[in-house]
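Provided herewith is a single structure, encoded as structure tokens, for subsequent inquiry.
Read-outs throughout are calculated quantities, based only on the coordinates presented, and are distinct from any laboratory measurement. Quantities reported herein were computed from a predicted structural model and do not represent experimental measurements. Quick reminder, even Gly has a Cβ in these numbers, built from the backbone with ideal geometry, and neighbours come from all protein chains shown.
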Ligand code: AMP
Ligand code: MG
């Protein structure tokens with residue numbers, strides 16, 4: 001088997017050309033013994049533990065430094081496994097499951113008593129998801145247990161989209177990381193609560209409001225934005241959302257607004273911080289390359305390719321951190337389809353949001 005050891009955390013090679021079987025059986029045996037294994041999903045890397053084993057789940061909170069009232073998403077190998085976890089399964093789950101599972105959609109349902117309170121941050125509902133990544137699916141079916149798996153990063157940091165990101169944050173603190181390469185979606189799953197009518201989006205992700213409405217043929221509420229379409233930065237809709245997320249080491253100024261105004265505002269900021277002697281980092285789109293400059297630049301691809309931007313976002317934030325910039329000036333995107341999920345993450349990552357006019 002191809003593996004390396006980083007500060008006692010095994011990095012198990014499990015990309016397509018590697019032999020998955022040995023890596024998977026080792027990972028499964030660690031999980032069955034109550035250990036922690038990070039694994040790739042199509043959204044971001046998850047930090048997995050047996051969702052029904054209280055001691056194992058407690059370790060997730062400890063190594064991530066995650067507040068104990070922030071519930072975990074439970075991953076299952078097949079839609080039927082949800083019956084082990086949820087008290088009732090509304091019709092919508094079958095409709096949505098048929099259409100979007102396996103995939104980046106999490107549903108919140110009333111929980112069964114066998115799901116430990118610690119797994120759900122002490123609340124009476126459970127969030128479940130059936131991931132699409134083949135390695136995640138194989139791991140779930142080999143272990144045969146539902147896996148609690150929040151993003152495999154230190155709480156508050158950008159989510160991990162590569163095995164290197166996981167090792168950077170958690171090497172020495174967990175037993176193993178399954179390295180399955182880069183994550184295809186790059187931002188976390190859409191979280192949809194089915195506890196009340198109409199269903200409500202608690203976190204935007206790869207499956208959009210429009211897609212959910214079309215599948216269910218009815219209205220869905222998006223509680224992540226207010227009536228003016230502004231992202232709530234501090235109102236806790238879902239327990240985890242009251243905490244700072246995706247934070248870079250340097251303060252991040254997010255500049256939104258029309259192109260010309262945005263570039264003007266970003267230039268003013270970049271010049272201001274340069275004069276102060278700061279190392280200025282820009283997080284921009286390909287279209288802005290000729291209009292903006294700074295010593296450190298990360299390009300998220302074309303602003304028209306929202307899926308590509310989502311895929312690159314967390315890696316770009318981590319790269320700016322690695323460049324040890326003192327300030328990050330980031331460019332906003334349209335709040336439509338996947339752009340909504342990107343802007344939700346960027347607004348949460350930001351220290352300041354400026355509306356350029
Ligand atoms: P993470 O896996 O770290 O990306 O975080 C999981 C997200 O799902 C957090 O925002 C949680 O607050 C949310 N979540 C998990 N379980 C529930 C639940 N039972 N009710 C509402 N939100 C939940
Ligand atoms: Mg997270």
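With a 10 Å radius around each residue's Cβ, average the other Cβ atoms per peptide and rank 112-122, 157-167, highest first.
The peptides rank, most packed first, as 157-167, 112-122.
Shifting gears a bit: Hey, what did the chain get for relative contact order, percent, Cα under 8 Å, at least 6 apart?
Relative contact order of the chain: 18 percent.
Still on this model: In units of 2.2 N^0.38 Å, what is the alpha-carbon radius of gyration of region 308-350?
With N residues counted in region 308-350, Rg over 2.2 N^0.38 Å equals 1.17.
Over 16 Å apart: what share of the alpha carbon pairs of region 18-58 falls there, rounded to a whole percent?
39 percent
So what is the relative contact order for region 252-356, in percent, with contacts set as C-alpha pairs under 8 Å and at least six apart?
Relative contact order here is 42 percent.
At 25 °C and a viscosity of 0.890 mPa s, what translational diffusion coefficient does Stokes-Einstein give for region 102-209, taking Rh as the Kirkwood radius over Cα pairs? Give it in µm²/s as a whole number.
Approximately 159 µm²/s, per Stokes-Einstein.
Now, a different point. Between 0 and 90 degrees, rounded to the nearest ten: what's the tilt of helix 306-322 against the longest Cα principal axis of the chain?
Roughly 80 degrees, rounded to the nearest 10.
Output the peptides 11-17, 44-50, 305-311 sorted from most to least packed, where packing is the average of other Cβ atoms within 10 Å over each peptide's residues.
Output ranking for 11-17, 44-50, 305-311: 44-50, 305-311, 11-17.
Rg and Dmax of region 1-120, using alpha carbons, in Å: what are they?
Looking at region 1-120, its Cα Rg and Dmax stand at 15.8, 47 Å.
Sum -39500 (n - 2.57) across every DSSP H segment of at least 4 residues in the chain, then divide by the residue count to get the 222 nm mean residue ellipticity, nearest 500.
Roughly -9500 deg cm²/dmol at 222 nm, from the helical runs in the chain.
Also: Nearest 10 degrees is fine. How inclined is helix 20-32 to the longest principal axis of the chain, computing both from alpha carbons?
Value to nearest ten degrees: 70.
Taking every pair of alpha-carbon atoms in region 4-222, what share in percent sits in each 10 Å bin, from 0 to the bin with the longest distance?
Final binned percentages: 9, 37, 37, 15, 2, 0.
Here's something else I'd like to know. Please grab the % of Cα pairs in region 252-356 that end up more than 23 Å from each other.
15 percent
Can you give me the angle between helix 134-143 and the longest principal axis of the chain, using Cα atoms only, in degrees from 0 to 90, rounded to the nearest 10?
Its long axis makes an angle of about 30 degrees.
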